[in-house]
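Asker: I have a structure here, written as structure tokens, and I will follow up with some questions on it.
The values are calculated or read from the model by the stated rules, or taken from the named source; none is laboratory data. These numbers come from a predicted model, not from an experiment. FYI the Cβ positions are ideal-geometry reconstructions off the backbone, even for glycines, and counts take in every protein chain you see.
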Amino acid sequence: MICANDSNAFVVIQALHTMGLKIPDDIGVTGFDDTPLAEKFIPSLTTLQVQKESMGKEAVHRLVDRIQRKDYIQKTELLSVKIIERTSVK
């Protein structure tokens, strides 16, 4: 299962355990954010590490640009992520 964020992944893992499923033997679970708890959770959570500082800087830059310019052109920018492999997937 691919979850929108680590918090959702923790809830999913707990629900799957309640259902009697074993992580990662029966089903793998991944998160997104690489929160500090991801490493400590049992099983440790495979997740995507995002460049939060870069995302924040880009968001502020775009906001200021949009405020200052009437001819602002909306664009999409892809920021790289890093897969942090842990024990919640095989």
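Asker: Quick check, is Ser54 exposed (fewer than 11 other Cβ atoms within 10 Å of the Cβ), among the hydroxyl-bearing types (Ser, Thr, Tyr) and modelled with pLDDT under 95?
Answerer: Against the criterion (exposed (fewer than 11 other Cβ atoms within 10 Å of the Cβ), among the hydroxyl-bearing types (Ser, Thr, Tyr) and modelled with pLDDT under 95), Ser54 does not qualify.
Asker: Where residues in the range 64-84 are out of contact with any Leu (no Cβ under 9 Å at 6 or more places or on another chain) and either part of a strand (DSSP E or B) or acidic (Asp, Glu) (or both), which of them is modelled with the lowest pLDDT?
Answerer: Applying the first criterion (out of contact with any Leu (no Cβ under 9 Å at 6 or more places or on another chain)) to the range 64-84 yields 64-80.
Those still in the list that are either part of a strand (DSSP E or B) or acidic (Asp, Glu) (or both) too: 65, 71, 77.
On the way: Asp65: 86, Asp71: 77, Glu77: 84.
Residue satisfying both the conditions and the ranking: Asp71.
To keep it simple, each residue is scored yes or no on (1) in contact with a strand residue (DSSP E or B) (Cβ under 6 Å, 6 or more places away or on another chain); (2) of a type in the set (A, V, I, L, M); (3) exposed (fewer than 11 other Cβ atoms within 10 Å of the Cβ); (4) without any contact (Cβ under 8 Å) to a residue 40 or more places away in the chain.
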{"residue": "Phe10", "(1), (2), (3), (4)": "no, no, no, yes"}
{"residue": "Ala15", "(1), (2), (3), (4)": "no, yes, yes, yes"}
{"residue": "Leu37", "(1), (2), (3), (4)": "no, yes, no, yes"}
{"residue": "Thr46", "(1), (2), (3), (4)": "yes, no, no, no"}
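Asker: Which pairs have Cβ atoms under 8 Å, sit 6 or more apart or on different chains, and link a residue in the range 63-90 that is loosely packed, with under 10 Cβ neighbours inside 10 Å to one that is part of a loop (DSSP other than H, G, I, E, B)?
Answerer: Qualifying pairs under 8 Å: Ser80/Gln51; Lys90/Pro24; Lys90/Asp25; Lys90/Gly28.
One line per residue, one yes/no per condition, for (1) assigned to a helix (DSSP H, G or I); (2) of a type in the set (Gly, Ala, Ser); (3) within 15 Å of Arg86 (Cβ to Cβ):
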| residue | (1), (2), (3) |
| --- | --- |
| Ala4 | no, yes, no |
| Ala9 | yes, yes, yes |
| Ile13 | yes, no, yes |
| Ile23 | no, no, yes |
| Asp34 | no, no, yes |
| Gln49 | no, no, yes |
| Ser54 | yes, yes, no |
